[in-house]
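Here is the structure we will look at.
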């Protein structure tokens, strides 16, 4: 089953 | 002091209708460059990025950079009161706690102003790196909306696969499966009906249809939508806003456990 990941996995906070 | 006069006020109405259900509260940032917003949905899976460049406004005055926290539902309510042909002016004082939206009918016989309270919002700003996408699909925005709507009646997720054959949208659910393939189509007289696929590498990614359907609320903004995909990145769904800028939606993929 595909799991939803959050954006922070890809884009860091600035 | 901030004063932005937008002759095509309907653009701002359409932008608000596109994003108000995805994001509750957001900071609008005003600078010499333009009027912009970056905000995530409450689950931090989708991100909205809006830019309306200053050159696109009939009058653009922004004395100093200003960040205005607004409830997007309330802002949408106010902008709904503007006529589709109205000129919209956004006004705010530096350090003030409210923003004014002024609506002028095209022949100046009706002028309305709506004042809305601003709010303090702790916004998280994400750095979105410049990326070379493995596949970029440009297609009619109405077609993209139709596909997302149709597939969401069958399943909850869409697999978007780009190969040299074309772009395939697939889903599966309890009642069965669905696959929709679009081929490149540049031989149309009307460029707004073209489907153009630029592919460096074949790519296949899975996304939640609920978010994709939410993004397609921006369909009235542009006749074409651009979907940019890379295997290790969130998808970007972009609607260009006339000559002014863009409304981009980023959505993190679903990954096999």
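Throughout, read-outs are computed from the coordinates displayed, never taken from laboratory work. Quantities reported herein were computed from a predicted structural model and do not represent experimental measurements. Methodologically, a virtual Cβ is constructed for each residue, glycine included, from the backbone with ideal geometry; neighbour enumeration extends over all protein chains shown.
How tilted is helix B:141-152 with respect to the longest principal axis of chain B? Cα atoms for both, answer in degrees (0 to 90, nearest 10).
Result, in degrees: 60.
Which three numbers, in whole Å and largest first, are the semi-axes of the equivalent ellipsoid of segment B:27-78 derived from its Cα gyration tensor as √(5λ)?
22, 13, 10
If you average the alpha carbon positions of segment B:96-129 and of segment B:48-62, how far apart do those two centres end up, in angstrom?
13
So for the protein assembly as shown, considering every pair of alpha-carbon atoms, how many percent are separated by more than 30 Å? Walk me through the numbers on the way to the answer.
Numbers: 11830 of 36585 pairs.
So the portion of pairs separated by more than 30 Å is 32 percent.
I'd like the orientation of helix B:10-19 relative to chain B: the angle between its Cα long axis and the longest Cα principal axis, in ° from 0 to 90, rounded to 10.
Between the helix axis and the principal axis of chain B, the angle is about 60 degrees.
So for segment B:16-109, averaging the separation of alpha carbon pairs under 8 Å that are six or more residues apart and normalising by length, what relative contact order in percent results? Provide the component values of the computation, followed by the final result.
Values: 136 pairs, mean separation 23.7, N = 94.
Once divided by the residue count of segment B:16-109, the mean separation gives 25 percent.
Please report, in whole Å, how far the alpha carbons of segment B:134-257 spread along each principal axis, starting with the longest.
41, 29, 27
Please compute the contact order of chain B in relative form: average sequence separation of alpha-carbon pairs under 8 Å and at least six residues apart, divided by the residue count, as a percent. Numbers along the way, then the final one.
Values: 595 pairs, mean separation 53.4, N = 257.
Over chain B, the number comes to 21 percent.
Label-point separation (nm) for residue B:204 and residue B:186, each offset 7 Å from Cα along Cα-to-Cβ?
That separation, rounded to one decimal, is 2.7 nm.
How big is D for segment B:1-94, in µm² s⁻¹ as a whole number, if Stokes-Einstein is applied with the Kirkwood radius of its Cα pairs at 20 °C and 1.002 mPa s?
Details: Rh = 13.5 Å.
D = 158 µm²/s.
Round to the nearest 0.05 the FRET efficiency obtained for residue B:64 and residue B:177 when R0 = 45 Å and r is the Cβ-Cβ distance. Walk me through the intermediate numbers first.
On the way: r = 55 Å, r/R0 = 1.23.
E(calc), rounded to 0.05, equals 0.25.
By how many nm would the segment from residue B:153 to residue B:132 grow when fully extended, if each residue of separation counts as 0.36 nm and the alpha-carbon distance is taken off?
On the way: separation 21, 0.36 × 21 = 7.56 nm, distance 3.28 nm.
Once the chain is fully extended between residue B:153 and residue B:132, it gains 4.3 nm.
Residue separation times 0.36 nm, minus the C-alpha to C-alpha distance between residue B:119 and residue B:257: what's the value? Please list the in-between numbers first.
On the way: separation 138, 0.36 × 138 = 49.68 nm, distance 3.95 nm.
Gain on stretching residue B:119 to residue B:257: 45.7 nm.
How much FRET efficiency would the formula 1/(1 + (r/R0)^6) give for residue B:142 and residue B:84, where r is the Cβ-Cβ distance and R0 is 22 Å, rounded to 0.05? Please report the intermediate quantities before stating the final value.
Values: r = 19 Å, r/R0 = 0.87.
After rounding to 0.05, the efficiency reads 0.70.
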